[in-house]
Amino acid sequence: MFIRRGLRWLRDKLVERVQRVIVGALAAGPVPRHIAFVMDGNRRYARMNQKKVQQGHSDGFLTLRRMLEVCLRLDVKCVSAYAFSIENFKRSPDEVNALMSLAEDKLLELCRHGDLLDQYGVRLNVVGNVDLLPDNVRNAARKAETMTRHNKSAIFNLCMPYTSRDEITTAVQSCVRNALQHSGSEIHITEHDIDDQLMTSLGGSPPLDILVRTSGVKRLSDYMLWQCCEATQLQFSSTYWPDFGLLDFVPIILDFQLKVWSHRLQS
Amino acid sequence: MPLIASFFLRLIHFIYAVVIALHSFWKRRTMISPLPIGAPRRRIPKHLALLFVVDSNSNAEQAETALVESVVNAVEWCRTAGIENLTVYEESGLLISCSQRIYDSIPIQLQECSSDSEIDYPLTPPPSDYSESRSLSPQHQDNTFIPSVVLRIPASPPSKPSRRSIIRRTRKRKDATNSHELQSQKPMLLFLVSREASKPAIASAARYLVQLHRNLQLPSTGSKPPFRLSVDELNLLMESKCVMLHI
């Protein structure tokens, strides 16, 4: 038993070493500034592994931590994750409550002193229509944002509850309000003004370079439609989110690097 | 260290290129050919959108010719497959500038008779002024904020103009093949759009909202509630230039 435990420890250490070498090698080439994940497939993963749906979401959170750490080691400046859609409130009350409870716990866990965000100097932005969240989750979100406000090395956008159309509408609303306050002057609302009022932009996020959707579904599902419709690499992975790992992520970064090098050669 | 990391990165890229090449080769060897375009399918999209990217090395005439040919092909395939709405996007607006040429290039094919149909003769004869002219020319949509050119591609007309038009009806309406044929006989809508239909259209809607609210000249007594906009309201505005006002 001790030998087996020892061998397992050795295997984990070796895997971790190899992963660090791979990430170190990838960081020698062009690295995306902003990566967004649509974390799809938690429920199908749970069903496939005879687990409860709530366990699927918990495992999904572990994957989020893992991938966030990989991105931060790669020196990606901004990571966004689609944690909860406004449409997801239509799911069963049990599942919604479980997700809200998970969000409340994990938000504060992530921002604790010494934990991941603190370790890498990451500022957390909770992006979305937070007024729709239950009071306890909204308070946890605000507290988590406050705890990381001083961090400047990178940004983590946790999109919940979010839809792109809601974000665009809010941005248009802000632009119109600002213009109405300056009566008499010419109306100068451009697409750049709307871009500046998006929640991601207000949080300091750079332009989106890669959008990854897992679970094999090839849809955008109302996520970052404004941000991803021009120069973003859209990547659809067939792996369910809780199973998503470095082996799935490496080809995505390699494709990005090839694209950047090819663009440099052409110009 | 950076040199070693760079070397490792090149090695990883080399291995990746080999894996991709082998994977592509294997996929080509084991690929199952798709069914013919006109084969009956369980599900057909109601609306298909295609994004065309023009080769930056080609000149304007070559680009236009390639675009027209590609759009005409896409229209024919959609008509055969039974797709009723086709949107074609080209960023710079080249499609819109050659919309007339696209329209003139789309063939209107004659409908073929099927042998196992029964023929119903209508009680009243058709209008005798049937002409073989095409339907209306490309139209610019001006009732939405989404600028586009719409081409209504008619269903195939009768083969000969006559005082009596013959309506053919198949025996088995529920048969997939027959319903597929009926679908392909419906008129089709072709939308040609450019980048102007994207973010600039939303900015245009925002400017319209400002103008509208300024023109309303709401009473200044008391505090005015701040302007509010919902997702559904913006959607309605974009698609139909209709606004729900909260006064």
### Message
So in segment A:150-203, with the set limited to residues that are surrounded by 15 or more Cβ atoms within 10 Å (Cβ to Cβ) and of a type in the set (Asp, Glu), which one is nearest to A:Asn125 (Cα to Cα)?
### Response
A:Glu167
### Message
For segment A:18-58, give me each residue that is within 30 Å of B:Ala5 (Cα to Cα), free of Cβ contacts under 8 Å to residues at least 60 places away in the same chain and buried (at least 18 other Cβ atoms within 10 Å of the Cβ).
### Response
A:Ala25, A:Ala28
## Note on the structure
When A:Trp226 is run through (1) surrounded by fewer than 22 Cβ atoms within 10 Å (Cβ to Cβ); (2) aromatic (Phe, Trp, Tyr); (3) closer than 30 Å to A:Ala25 by Cα, the failure sits at (3)
### Message
Yes or no: segment A:145-156 includes at least one residue that is within 14 Å of chain B (Cβ to nearest Cβ), within 26 Å of B:Val231 (Cβ to Cβ) and touching a strand residue (DSSP E or B) at 6+ places or on another chain (Cβ under 7 Å).
### Response
no
### Task
Please work out which one of (1) hydrophobic (A, V, I, L, M, F, W, C); (2) open to solvent by 90 Å² or more (accessible area, probe 1.4 Å); (3) within 14 Å of chain A (Cβ to nearest Cβ) is the condition B:Ile32 fails and give its number.
(3)
### Query
Name the pairs: first residue in segment B:199-211 and free of Cβ contacts under 8 Å to residues at least 60 places away in the same chain and more than 7 Å from every other protein chain (Cβ to nearest Cβ), second residue open to solvent by 10 Å² or more (accessible area, probe 1.4 Å) and assigned to a helix (DSSP H, G or I), Cβ to Cβ under 7 Å, at least 6 apart or on different chains?
B:Ala201/B:Met238
### Message
Can you report the number of residues in segment B:78-90 which are open to solvent by 40 Å² or more (accessible area, probe 1.4 Å) and modelled with pLDDT of 95 or more?
### Response
1
## Note on the structure
Filtering segment A:17-64 for residues that are farther than 19 Å from A:Thr232 by Cβ and part of a loop (DSSP other than H, G, I, E, B) leaves a count of 7
#### Entry: Test result for A:Thr214, within 22 Å of A:Val127 (Cβ to Cβ), within 14 Å of another protein chain (Cβ to nearest Cβ) and of a type in the set (Val, Ile, Thr)
no
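The values are calculated or read from the model by the stated rules, or taken from the named source; none is laboratory data. These numbers come from a predicted model, not from an experiment. Don't worry about glycine lacking a Cβ; one is built from the backbone with ideal geometry, like all the others, and counts go over all protein chains shown. When the accessible area is computed, the model is the full protein with side chains, heavy atoms only, and any ligands, DNA or RNA have been set aside. Shrake-Rupley method; radii C 1.70, N 1.55, O 1.52, S 1.80 Å.
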